[in-house]
Amino acid sequence: MATVMLGIMVSGTINVDKNSGWLKLSAVLPVSRRKAVSSKYLLFLLLSAAGMAVGSLISLAVTAVTGNWDMENILVFLLLAPVMALLPGSVIIPCVYILGEEKSYLGLILSYPAAAAVFVALVLLLPNLYLAASIAIALGVVCFGASWIFFGKYLAKRDIG
């Protein structure tokens, strides 16, 4: 949950940038649009990593208090966190820039269940949990990286406002 909650904050920063006029002002600064978009992707990664760390610490504290050390359960959640950050992140950031504040919520709402569905489908289809999680994480890395690269190029050619 912490990974998701902190990752969502990036969409709020993009909307604040739009509403305050920062995106228009930043167009005259010596920073390319592509770098400005990259900063949002990087912020998303940093906040998601912080969310994973906070979530892991809370989970470990709760597990220590309850004494229920189910390592498979702990590992499932640790492996699910990057998938739930990277797959939706590859959709959310472009949605907020392109669709605007209200319409981008649809991408936000649909991206998290879709990412969870991919993870569950891989776990059900593949015989090994770690193989399924590794494939899901790799898919998340590829999708997030492709989104970062291609959307940065797209936005550099598009008028923003």
Legend entry - Answer from Leu106, Leu110 - the residue that is closer than 20 Å to Val16 by Cα and either hydrophobic (A, V, I, L, M, F, W, C) or loosely packed, with under 13 Cβ neighbours inside 10 Å (or both): Leu106
Inset, instruction - Scan segment 30-48 for residues that are over 20 Å from Leu79 (Cα atoms) and among the hydroxyl-bearing types (Ser, Thr, Tyr) and jot them down. - result: Ser32, Ser38, Ser39, Tyr41
Inset, instruction - Take Val37 and decide whether it is closer than 18 Å to Phe144 by Cβ and touching a helix residue (DSSP H, G or I) at 6+ places or on another chain (Cβ under 8 Å). - result: yes
Inset, instruction - Would you check if there is a residue in segment 67-82 being under 21 Å from Gly7 (Cβ atoms), surrounded by fewer than 18 Cβ atoms within 10 Å (Cβ to Cβ) and within 13 Å of the chain's Cα centre (by Cα)? - result: no
Inset, instruction - List every residue pair whose Cβ atoms sit under 6 Å apart, with the two residues 6 or more apart in sequence or on different chains, where the first one lies in segment 86-113 and is more than 14 Å from Val37 (Cβ to Cβ) and the second, anywhere, is polar (S, T, N, Q). - result: Pro88/Ser111; Val91/Ser111; Glu101/Asn15
Legend entry - Count of segment 118-131 residues which are under 16 Å from Ile74 (Cα atoms) and surrounded by 15 or more Cβ atoms within 10 Å (Cβ to Cβ): 2
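A quick yes/no check of all residues on (1) touching a residue at least 12 places away in the same chain (Cβ under 8 Å); (2) among the β-branched types (Val, Ile, Thr):
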residue: Val16; (1), (2): no, yes
residue: Val37; (1), (2): yes, yes
residue: Ala50; (1), (2): yes, no
residue: Ser56; (1), (2): yes, no
residue: Gly67; (1), (2): no, no
Legend entry - Cross-chain or 6+ apart pairs with Cβ under 6 Å, segment 128-154 first and free of Cβ contacts under 8 Å to residues at least 24 places away in the same chain, then surrounded by fewer than 15 Cβ atoms within 10 Å (Cβ to Cβ) and not in a helix (DSSP H, G or I): none
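Coordinate-derived values only; no laboratory data. Values in this document were obtained by computation on a predicted structure and should not be read as measured data. All Cβ positions, even for glycine, are placed from backbone atoms using ideal geometry, and neighbour counts span all protein chains on display.
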